[in-house]
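Trainee: So that we are looking at the same thing, I have put the structure below in structure tokens.
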Amino acid sequence: MNSILIVDDDASNLLELNSILMSDYTVYAVSDGESALEKANESLPDLILLDVIMPNMSGFEVLTELKKSEKTKQIPVIFITGLSDEDDERKGLAIGAVDYIRKPFNDTIVKLRVQQQIEIINLRRELESAVDAAEAAAKTAEAASKSKSSFLANMSHEIRTPMNAIMGVTDILMQNEMLSDDVSDGLEKIYASSEMLLGIINDILDFSKIEAGKLDIILAPYKVASMINDAVHLNMMRIGNRPIKFELKIDETIPANLIGDELRIKQILNNILSNAFKYTDAGKVIMSVKYESQSRLELTVKDTGHGMTQEQLGRLFDEYSRFSENSKRSIEGTGLGLSILQRLLNLMDGEIRVESEVNKGTTVTIWIPQVSEGSEILGKETAENLQHFRKSYIGHRERARIKREPMPYGRVLIVDDTETNLFVAERLMRFYKLNIETSINGKEAVKKIKEGKEYDIIFMDHMMPEMDGIEATQICRSFGYTKPIVALTANAVAGQADIFLQSGFDAFISKPLDVQHLDTILNSLIRDKQSPEVIEAARKQADVDTNNDLQPRVDTMLFESFERDARKAVELLEEFINKSDYDNEENLRKYTVCVHGMKSSLGAINNVQLSELAGKLEQAGRDRNIGFIKETTSGFINDLRTLFNKAESKKAVNNTDEKDLLDKLLVLKEVCADYNRKGALEIIAEINSCSEKTRVVIDNIKECVMHSDFDDAEHLVTDYINELTK
């Protein structure tokens, strides 16, 4: 369980925050800055909620001291404050705070802000753990010559599986436009680091495949413009904020289509481009593309970066070699890239020439034999378009701007034995408004197909217990099932594409799921098979849905939370009045904490008048103004009762009648029998006004559905239907 340290000189604030967070986290509480520093060093909490204004040592001073210590400087701090001064907020963020929570506290807001930071912390830890595993794999590979190929292939699978969760969940969180800039920046850093780690894993895996002689060159026609576009697109992001000018020079007479291994050519081009950007702090990077009369593709990348000595040039293709180690510690990578590049060129009968001078830059030229297909040339317009794309891309954050097509007409089945992978895949596809079903294993998927169900795409995990994805797909094909099946795999081994295609798959996507690749698959296999009228209608409906009734649903949930809090408050306040022991210190303290909590809750539902009255009662409790408490509390209790009685009346009017409830339960039973998680959750969401007993049953059913216990969910629905129809 994650831990949180709360620092506030107001005991009521400590109690309130503790009550909000204690069910989900281990909570420590201290009332002053010195104790906070001591407790932070002792317990190393995951997150600190720090009051700004405190006697002796302010929150700003405490945070400054925390940042000085190697032990505590990485602990994220959220300031809690009743102030609304923007200067104070800027000051706090400038010295390292990650967020602000304002008083009076709103339970929902507090939980969400804390949850966001905890999710980032946990993702970062998983990432660090995965990085450690990757580094350990690299060291082992260096030492173990004969056994490292199989070891690294297994490690790739083991690392890619948690990486799928890290990158997938991060990508899902990044879609939330309501996140603060600090949270968005943190998520982007996690994603960028994950991509860097994934590149390291791929380098290690490629090296092991080359050593084992298992890396094949696959010749096929490809479009030159697409190859250049993809390589430039990927590497422009590496510039960041550095003053680097990137120029792209393309010979318009290049054949439009060549025959070769496009994937490996892009890998080679990515390697030399990424090195040029990595080792250039400022200046120019120029990429040139030509086609020689001897049927050779010529790729040249010239930079004005660090350059290399003659001694370094002599070691350029050594395994695990990196230069500028001391002066450029921030450069990522294993040092395997150029070694892999050279071996790929050998496999393709290619050549490489490297010229370099210290502090002046490096020029890398590569020649790869490529036969042209047809007589069509790239042409002036295409060449200029590619260069225009390069210019317009600078500063553009492409990943965050993928335009997902709404596809409510599409139906997909996701099959994976890992709950986390199902969660990631389902959430990423939910943005497309698809009808999504899930299966936890291959047998379950085969059963659905045997029953006659059809999907626009089945996304099938490769490695599953009992029945793997290949076996499940072959069985489905034996039934005559012809719809697309796409493999999901974390096992990126040589020749995998051929194996999948020969086994009945239409395509495959590697884990971690790349959102752009997923987008391409969904567009080509679902959207592009629809008529223009259907696609346009879906787009218009999506625009309407964007502005529909989400807020009332959020408001309902908020008021239900308030109602529970208010009922507890009424019980406590009545007990206080009935005791008539107003001078008792502990009773008065509980009273003050109670009305303080109601002040915040009433404010959250925009009942300003009662919130102000609660504030006056809170102050009376602090001032020991017993007369005002006696005169006012009974009326305050009645006002609270009136408030939630009105809500009860409204519920009674809107309450789902028995016939409507039975109809929904019968449909819910069917979708549970079909293992349709999305459908079940949608129906459960519709049963939002019901009796307390029905709510308990529905919550239990929802719990089963969330854990894919569809048989138990179906039994619960059946039992309750029988009870209602007795």
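Trainee: Using the Karplus curve 6.51 cos²θ - 1.76 cosθ + 1.60 with θ = phi - 60°, work out ³J(HN,Hα) for each residue of segment 14-27 in order, rounded to whole Hz, and write x for Gly and Pro.
Mentor: 4, 5, 5, 5, 4, 5, 6, 9, 5, 6, 10, 9, 7, 10
Trainee: OK, next. Please identify the trypsin sites (Lys or Arg not before Pro) of segment 69-145 that satisfy two criteria: DSSP loop assignment and at most 12 other Cβ atoms within 10 Å. Which are they?
Mentor: Hits after loop and neighbour filter: LYS71, LYS73.
Trainee: Which pairs break 32 Å Cα to Cα here: LYS103/LYS568; LYS39/LYS630; LYS266/LYS450?
Mentor: Cα-Cα > 32 Å for LYS39/LYS630; LYS266/LYS450; rest within.
Trainee: Output the direction-averaged projected area (hull surface divided by four) of the convex hull of the alpha-carbon atoms of segment 24-106, in nm².
Mentor: Its Cα hull, projected and averaged over all orientations, spans 5.5 nm².
Trainee: Over 23 Å between Cα atoms: which of LYS223/LYS380; LYS453/LYS529; LYS433/LYS693 fall into that group?
Mentor: With Cα atoms farther than 23 Å apart: LYS433/LYS693.
Trainee: Where does segment 411-487 land on Rg(C-alpha)/(2.2 N^0.38 Å)?
Mentor: This ratio for segment 411-487 stands at 1.00.
Trainee: Same structure, new question: Return the sequence-ordered ³J(HN,Hα) values of segment 99-104 in whole Hz as given by the Karplus equation 6.51 cos²θ - 1.76 cosθ + 1.60 applied to θ = phi - 60°, using x for Gly and Pro.
Mentor: Per-residue couplings from phi come out as 6, 10, 10, 9, 8, x Hz.
Trainee: Cα centroid distance between segment 102-135 and segment 413-488, in Å?
Mentor: One Cα centre to the other: 31 Å.
Trainee: What percentages, rounded to whole numbers, describe P(r) for segment 658-724 computed over all alpha carbon pairs with 10 Å bin width beginning at zero?
Mentor: Spelled out bin by bin, segment 658-724 gives 23, 65, 12 percent.
Trainee: Separate question: Can you check what the Kirkwood hydrodynamic radius comes to for segment 59-125, Cα pairs only, in Å to one decimal?
Mentor: Averaging 1/r across every pair of different Cα atoms and inverting gives 12.8 Å.
Throughout, read-outs are computed from the coordinates displayed, never taken from laboratory work. Given the structure is predicted, the values throughout are model-derived calculations rather than measurements. All Cβ positions, even for glycine, are placed from backbone atoms using ideal geometry, and neighbour counts span all protein chains on display.
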